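All remarks here apply to the structure that follows.
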Amino acid sequence: MDSLFQRSLDDIIKGLRHQQAGESAFVSKVLEEVRREIKSTDSHTKSTALQKLTYLHSICFVDMSWAAFHAIECISYPNFTHKKVGYLAISQSFQESTPVILLISNQLRKDLKSNVEVEVSLALECLSRIGNLDLCRDLTPEVFTLMASSRIPVRKKAIGVVLRLFGKYPDAVRVCFKRLVESLESSDSPPIVSAVIGVFCELASKDPKAYLPLAPEFYKILVDSRNNWVLIKVLKIFTKLAPLEPRLAKKIVEPICELMSKTGAKSLMFECIRTILTSLAEHESAVKLAAGRINELLIDEDPNLRYLGLHALAIVAPKHIWAVLENKEFVIKSLSDPDPNIKLESLRLVMEMVSESNVVEICRVLVNYATKSEPEFCNVILGSILSTCSNNVYEIIVDFDWYVSLLGEMSRIQHCQKGEEIENQLIDIGMRVQDVRPELVRVGRDLLMDPALLGNPFLHRILSAAAWLCGEYVEFIRNPVELMESLLQPRTSLLPPSVRAVYLESAFKALVFCLHSYLKSAHGENGEASGTTLIQENHITPDSVLHLLNLIDMAVGPLSGSYDVEIQERARNILGFTELIKPVLSDSLHPQDERHKQQVEASKMVRLLHDTFSDELGPVSMSAQGRVPVPDGLVLHENLADLEAVCGSSLPASSATISFEGSHNVEGATSIFISDQKEESEPSSESTSLLAEHRKRHGLYYLPSEKNTEHHEANNDYPPANELKSGVTVSNDAQDLAKLAEQSFLPKRKSKQVKARPVVVKLDEGDVLPISSKIPQAKDDSLSEAVRDVLLGNKAAADSVIRKKGKEKLNAKEQEDDLDHMDSQSGTVQNPVKERSKRSSRKQNADEGDHGGDKGKQKRRHRHGKHRTREGVQNPPANVISQTPVPDLLL
Amino acid sequence: MHYTVCKELNSVILSVSSQINFVCLISRQGKVRLTKWYSTYSQKERSKAIRELSGVILSRGPKLCNFVDWKGHKVVYKRYASLYFCICIDEEDNELEALEVIHHFVEILDRYFGSVCELDLIFNFHKAYYILDELLIAGELQESSKRTIAKLISAQDNLVEVAKEEASSLSNIIAQATK
């Protein structure tokens, strides 16, 4: 007999506890035993083995799917102990996809019909855990029977299982829904009501509209119930229902307020607060009351309540920012709370308070705070500053010079890991806001100059942006030679190749710019008026040009053999250019009589390049590509697939951004393609292909140039960049923060703006990544449909399943009686007599047209007796099911 | 016609989730003492979830709040002696209510075992499950009365006793042996 020598569960547990290191060895040994024992024909041996396996499964997460069949065997044993072990194993380990799951169906049915209450309970619990479509369909009739059981524990479990039935098998609604609604009224047994409300709470959270007709029942429970568990659930239901029906909201606001001030249970009070803030936010007085309760939570000792208080403020903030402002001191103080959750919540609230007028102060405070925080929270702060400020194309930013220098400052914070986001914003702002470019270049230059930053990999993306900006807007640089030096400094070898390539490209642009302004100034002596670059010219002397050329030889020369193609190609471009320019330039550097002719040639070359580089680049709408019609005969996808096969993964996703020259004439789409091709294939103009390449890389930022110029003309008189305000003292303490907030968090007072906000280029549409704001299609359409059917019309199906006695006829008159009855029942009705009579007359008409369909339902309703305050009060005709009717009782 | 309606409805797979996604008990040393899953998780996901959560929860100090954000859900936990009771609920569920469910569970365990300790739960792990099953069904609280639950559990226990006696009775052993 194996059972004599079998180790019991206790042995296993003890053994496991005594294992110090070799736990897994012990487990696998036990598993081996179990595999042998579980095959035994002795029910005791088998169930003990299964029990041990279940233990290991839930504690050590070992696989037990192989034992599924043995578990099913165990539940079929007559001995209750064995059955119980089997059920535990099944509900712990079975998934919907377990292959043998259907074998369980008959046994479950047998146990559901058992006379022993605990057996029924076991079966119900098991079904609630593992029920799949087939099981739920097969067992719906049994559960339906149990829903009317005289044994309360069984009944309430059956109701709990209904949630699973509906979820897996929506047709169960037609069978069980009526009984479920009836159970709502069993006020004599609170556990039943509690169970039903739990089910409705979950159902309503998915598709609240369908349950609107049950509002009177829920209301009754809200007013009558003394059970906090039930009340919380009812409040959750009303949170979903109230937004759908303003009259309902008006009706419930008073009892909820009363509940909120009366109750001693914090959980219930918080639920009241949440209901008011989410769904009754239009009722000012209620919100005021709730705000008062929130204040109590905030000053509580319990960190849970403080956290929830802040959470509640976050809910109310979008609609009633005053409630947050009232507590601003607390909110700011919480930024230094030891609990990271509370910190996060308060940070969220601080960001809610940001407005145009206080963004500068708040950001200053937060940045100071970030420098002192641990890395993780520091980056959370930086992240929320970045996202708040860039929200809706920098809506709240007035002073871009300030913002850009803030970005520079944030980059230098020790723990900053927001490189990518800062990079994007720097370039984005450069593209969109023309007036801020001088400041952008200044910030970028400062970053590039600092050799220490090159060692921090988190900053590489930012440096890449800075390098690009300085190259693209090089005309604003005070000292281009200095810029060249920093772009080509030895420590750039620390950069990843992609960033280094950007550095080289920028160096190229800067070089061309230097030469151009040098030659121009030389021309100037010959009578040509030199243009805008007066300051820069001071630095470009023949010596410095020589110095630059040498620098390039020294720094770029070795890169022409780089392994990275991007670097190599760009380095060769630069070197090729300098080779070309050196002979013609060298004469002009040493003043002689015949220099003139040479110089003209040199300047011609340089001007050509300079003109190419100074083409204005702007952002391209995300939808630009979509607006280009595909020419006939061009199969885009096929071509791309070929390309991929040829190039493999080495090709970046450049296909997403197409570049086209100047105009974005949609009609000329074909010509665009052609001109693009032509441009690229022209071998003579090296620079043009460079530009094309550049555009490909930064295609995102291209903007049709006409648009830009339009904005620029309007804005020529913009004052020059001003230095950072030094007036704001750097305060380090939370107390100082609070003080500062005193001044700055005043409700959106328009501060006197020193200067007008610069123009921010926005594209009409598709500027921002299209957020998939599509309302999630109700996934459980069929469930809500079924519920709606049962509640509103189409009773035929339901009645065909459950046909009951009581076939009194009902006519419109009786219906009115019903209405009257209900009104007298609830004293609080505002007596909408007119409306009601109007409605019932409309109803009559509808009934005439739709008599057959309504009949079944009327019968059904009548069966419940006169006291029913049921959905049938006001049925729409079947053809307008989509309109959810609102019961008169509440209105 | 009814049949076609059924067929149509069945073609959509539905998900009505429960309020509580899972319950777990973790010891201060990070050992799992009980796990009960009300939403669908594969065995891999289960062990990963527990590992991650115990890392987060055990490292939190004693004076912090009892809520943790976790993958779009909230985990409410409370420490009783050396055990952490954790419940994973949805974003919009009531955290304080979940705390009360935990407390309720602990009180019931306490009443059943007579000042419960970790060892009780280690050696009676299946009983802890049955008690939990009386408290929650399909992830919803089903019984708020401690006395009722105590009654139901003792009825079960009686049944188990009877079954055991039956099994160990002489005639049964003989029947088994001669089978």
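How big is the range B:2-144 by the Kirkwood estimate over distinct Cα pairs, in Å? By the Kirkwood definition, the hydrodynamic radius is 16.2 Å.
Kirkwood Rh, the range A:363-441, all Cα pairs: how many Å?
On the way: mean 1/r = 0.0791 Å⁻¹.
Computed over the range A:363-441, the radius equals 12.6 Å.
From least to most packed, judged by other beta carbons within 10 angstrom and beginning with the fewest, A:Lys582, A:Lys328, A:Lys52, A:Lys250 follow the order A:Lys582, A:Lys250, A:Lys328, A:Lys52.
Give the Rg/Rh ratio for the range B:16-81, taking Rg as the radius of gyration of the Cα atoms and Rh as the Kirkwood radius, to two decimals. All intermediate terms of the calculation are to be shown ahead of the outcome.
Details: Rg = 11.9 Å, Rh = 12.6 Å.
Radius of gyration relative to Kirkwood radius: 0.94.
Each Lys and Arg Cβ is given +1 and each Asp and Glu Cβ -1; about its Cα centre, the range B:2-144 then shows a dipole of about 820 debye.
Remark: mean inter-chain Cβ contacts per residue of B:91-103 equal 5, using a 10 Å Cβ-Cβ cutoff to other protein chain atoms.
Of A:Lys206/A:Lys266; A:Lys209/A:Lys251; A:Lys266/B:Lys146; A:Lys240/A:Lys319, which pairs sit farther than 24 Å apart, going by alpha carbon to alpha carbon? Kindly include the intermediate steps, with their values, before the conclusion.
Details: A:Lys206/A:Lys266 26 Å; A:Lys209/A:Lys251 17 Å; A:Lys266/B:Lys146 20 Å; A:Lys240/A:Lys319 18 Å.
Long pairs (Cα-Cα over 24 Å): A:Lys206/A:Lys266.
Any chance you could list P(r) for the range A:110-212, counting all Cα-Cα pairs in 10 angstrom bins from zero, rounded to whole %? Cα pair-distance distribution for the range A:110-212, in percent: 16, 52, 29, 3.
Say the cut-off is 27 Å between C-alpha atoms; which of A:Lys236/B:Lys127; A:Lys156/A:Lys250; A:Lys113/B:Lys151; B:Lys31/B:Lys78; A:Lys372/B:Lys48; B:Lys31/B:Lys71 go over it?
Numbers: A:Lys236/B:Lys127 33 Å; A:Lys156/A:Lys250 33 Å; A:Lys113/B:Lys151 22 Å; B:Lys31/B:Lys78 16 Å; A:Lys372/B:Lys48 34 Å; B:Lys31/B:Lys71 22 Å.
As for pairs spanning more than 27 Å Cα to Cα, those are A:Lys236/B:Lys127; A:Lys156/A:Lys250; A:Lys372/B:Lys48.
Across peptide A:162-170, the average count of Cβ atoms from other chains found within 10 Å of a residue's Cβ is 5. Look at the stretch A:58-70: the mean tally of other chain Cβ atoms within 10 Å of its residues' Cβ atoms is 3.
Of the chymotrypsin sites (Phe, Trp or Tyr not before Pro) in the range A:229-324, not one is in a loop by DSSP (not H, G, I, E or B) with at most 15 other beta carbons within 10 Å.
Any chance you could list the semi-axes, whole Å, largest first, of the equivalent ellipsoid that the Cα gyration tensor gives for the range A:168-234, using √(5λ)? Each step should come with its number before you reach the end.
Values: eigenvalues 77, 35, 23 Å².
Over the Cα atoms of the range A:168-234, the ellipsoid semi-axes are 20, 13, 11 Å.
Using Cα-Cα distances under 8 Å and only pairs 6 or more residues apart, what relative contact order does the range B:2-144 have, in percent?
On the way: 164 pairs, mean separation 35.0, N = 143.
The value is 24 percent.
Working note: Cα atoms of the range A:266-388, range along each principal axis, descending, whole Å: 40, 32, 20.
Can you sort A:Glu345, A:Glu420, A:Glu329, A:Glu142 by how many other beta carbons sit within 10 Å, fewest first?
Working: A:Glu345 25, A:Glu420 13, A:Glu329 16, A:Glu142 21.
By the 10 Å Cβ count, ascending, the order reads A:Glu420, A:Glu329, A:Glu142, A:Glu345.
As a rough footprinting exposure proxy, the listed residues A:Phe177, B:Phe22, B:Phe123 were ranked by other beta carbons within 10 Å of their own, and the order from fewest upward is B:Phe123, A:Phe177, B:Phe22.
Any read-out appearing in this document is the output of simple, stated calculations on the displayed coordinates, not a laboratory observation. It should be emphasised that the depicted structure is a prediction, and the values quoted were computed from it without experimental measurement. So basically every Cβ, Gly included, is an ideal-geometry build from the backbone, and we count neighbours across all protein chains shown.
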